[in-house]
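Below is one structure, written out as structure tokens; comments come after it.
Each value in this text was obtained by applying a stated rule to the coordinates, not by laboratory testing. Owing to the predicted nature of the structure, the values given are computational and were not obtained by experimental measurement. Using ideal geometry, Cβ is built from the backbone for each residue, glycine included, and neighbour counts are taken over all protein chains shown.
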Amino acid sequence: MRIILLGPPGAGKGTQARFICNAFSIPQISTGDMLRAAMKAGTPLGRQVKEVVDGGALVSDEIIVALVRERIIEPDCRGGFLFDGFPRTIPQAEALQSAGLPVDAVVEISVPDAEIIKRMSGRRIHPGSGRVYHVDFNPPATPGLDDETGEPLIQREDDAEDRVRYRLDVYRQQTQPLITFYRNLAEHTELRCLTVAGLGTVEAIQSKLASALAIESPS
Ligand code: AMP
């Protein structure tokens, strides 16, 4: 099963990706996570992309396509994979097409901009574990501190409100056109395009995704 998860930053792709990946026993490939790991480790790639990622713009297609190309030849991708945050541009989608790995489903999680801004500007992260909190919706027991370690929480640089607004513009301009791209592709291939509203509880969205993807009986 090969799945692409599309949706604006803050739509809950990461959370829902884990659920879908468990159901199909496929790895989650998040280009954002891969870039952040490289930045944290201070690798040449991490240093090269840091400014762009922190500013909320897109890393070049060349870098991303090379990163994904290396990742999908790993043995754990033999049975498929889920892309979370890739492709983000038409050239990236075309590069994936030419890799000869047809995608089975494109799932869009749609969320209005105002809701995204509310969600993301309140998001806080525990850098050591990746645990995610929200100052209103999922606050830690002690404000500003991780529940398990008591260590300070941080706000991702690109989660600051002005960056979120900019990332939404980038999404609408560069990534949203992929929905039409994949709908057109679905007209003459086996590809399925699904849209799920990303509002409500995590569980409610999960159950909408489960029925859309027929997760009870994955083929
Ligand atoms: P994400 O965690 O998916 O929101 O990604 C965080 C940041 O990483 C984005 O704002 C971009 O700067 C960069 N990034 C992640 N995936 C891609 C991609 N497919 N193409 C270009 N830039 C990307």
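Based on the Cβ-Cβ distance from GLN48 to GLU94, what FRET efficiency comes out when R0 is 22 Å, to the nearest 0.05?
0.40
Determine the calculated [θ] at 222 nm for the chain from helices alone, applying -39500 (n - 2.57) to every DSSP H run no shorter than 4 residues and normalising by the residue count; nearest 500 deg cm²/dmol. Write out the running numbers ahead of the final one.
Numbers: 9 runs with 97 residues, N = 219.
Result for the chain, helices only: -13500 deg cm²/dmol.
Net charge near CYS193, counting Lys/Arg +1 and Asp/Glu -1 over other residues with Cβ under 13 Å of its Cβ? Mind showing how you got there, number by number?
Numbers: positive: ARG183, ARG192; negative: ASP104, GLU108, GLU187, GLU190.
My count for the surroundings of CYS193 gives -2.
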So which GluC sites (Glu not before Pro) in the stretch 138-219 end up in coil per DSSP with only 16 or fewer other C-beta atoms within 10 Å? GLU148, GLU190, GLU216
With just the Cα atoms of the stretch 6-153, tell me how far they stretch along each of the three principal axes, in Å, largest first. 49, 34, 31
Only loop residues by DSSP count here, and only those with at most 12 other Cβ atoms within 10 Å; note down the trypsin sites (Lys or Arg not before Pro) in the stretch 143-214 that meet that. none
I'd like the distance separating the alpha-carbon centroids of the stretch 73-139 and the stretch 170-219, in whole Å. 12 Å
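If you take every residue apart from PRO102 with its C-beta less than 9 Å away from the C-beta of PRO102, what net charge results, scoring Lys and Arg +1 and Asp and Glu -1? Present the calculation step by step, with values, prior to reporting the outcome.
Working: positive: ARG2; negative: ASP104, GLU190.
Cβ neighbours under 9 Å give a net charge of -1.
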Could you list the residues of the stretch 11-31 with an amide nitrogen less than 16 Å from a label point located 7 Å from the Cα of ALA214 in the Cα-to-C-beta direction? 24
Cross-link partners of LYS208 among lysines (Cα-Cα below 16 Å; sequence separation of 8 or more within a chain): LYS13
